[in-house]
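> Below: one structure in structure tokens.
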Amino acid sequence: MRGRVRQVDIARRLGVSQTTVSLVLSGRDVAIGPRLRERVLRAARDLDYRADPVARSLAGGSNRLLGVATFAPLGPGGLGPFGAVLAGIEAEAAATGHDLVLFPGTSVTRLGLADGGLLLGADADRRELARLIADRFPFVFLGPPRVLAAAGAERPAACIPGRRHGGEALGRAAVRMLIDKLDTGR
């Protein structure tokens, strides 16, 4: 089979509807018999099916992408002041089945590509933060609470006061907090 394998390809191979394949692959708990479920999963493995994150996102599902925006240069060959925190973010994202997209620089407007964001640094643009707050975009800010408050945040839970050397534990905690926000819608 050439190109990207799609759900319809699996459905054709098995002689079932694309809807059946979609329900099985999405893990929805619906009345699909265990034998058919196993046939669909086996065909997906055999064909090396990979879910398209853009299609999943358009369908209203999660793309399991977490955006990370830094407001300080990472520098050539280094991670700037965020090294240990980013290591914790990476470890916790991997442990929870999420992927990361890094948005270095000053603009956070593309964070919408991700399900939620982790924003690092005291130099965050307050207007950008205010826009994220107004859009109700789920994010966790690792930086001084005064920056988030100046942007109009009413929910201090969206902030973990950044420490220059917060370490991996801080990064892991931020990911868990963001995933909780995504799961609860708060």
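The values are calculated or read from the model by the stated rules, or taken from the named source; none is laboratory data. Everything quoted here is computed from the prediction, not taken from an experiment. Glycine gets a Cβ as well: all are built from the backbone with ideal geometry, and neighbour counts include every protein chain shown.
The rows are residues; the columns are (1) modelled with pLDDT under 80; (2) in contact with a Leu (Cβ under 9 Å, 6 or more places away or on another chain); (3) assigned to a strand (DSSP E or B).
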{"residue": "Leu118", "(1), (2), (3)": "no, yes, yes"}
{"residue": "Ala122", "(1), (2), (3)": "yes, no, no"}
{"residue": "Arg131", "(1), (2), (3)": "no, no, no"}
{"residue": "Arg136", "(1), (2), (3)": "no, no, no"}
{"residue": "Arg146", "(1), (2), (3)": "yes, no, no"}
{"residue": "Ala149", "(1), (2), (3)": "yes, no, no"}
{"residue": "Glu154", "(1), (2), (3)": "yes, no, no"}
{"residue": "Ala157", "(1), (2), (3)": "yes, no, no"}
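> OK, next. List the pairs whose first member sits in the range 5-16 and is in contact (Cβ under 8 Å) with a residue 40 or more places away in the chain, whose second member is assigned to a helix (DSSP H, G or I) and among the hydroxyl-bearing types (Ser, Thr, Tyr), and whose Cβ atoms are under 8 Å apart, counting only residues at least 6 apart or on separate chains?
Gln7/Ser22
> I'd like the full set of residues that are in a helix (DSSP H, G or I) and at pLDDT below 85, limited to the range 1-48. Before the answer, list the steps.
First pass over the range 1-48, keeping only residues in a helix (DSSP H, G or I): 7-14, 18-25, 34-46.
Scanning the range 1-48 gives a single hit, Leu25.
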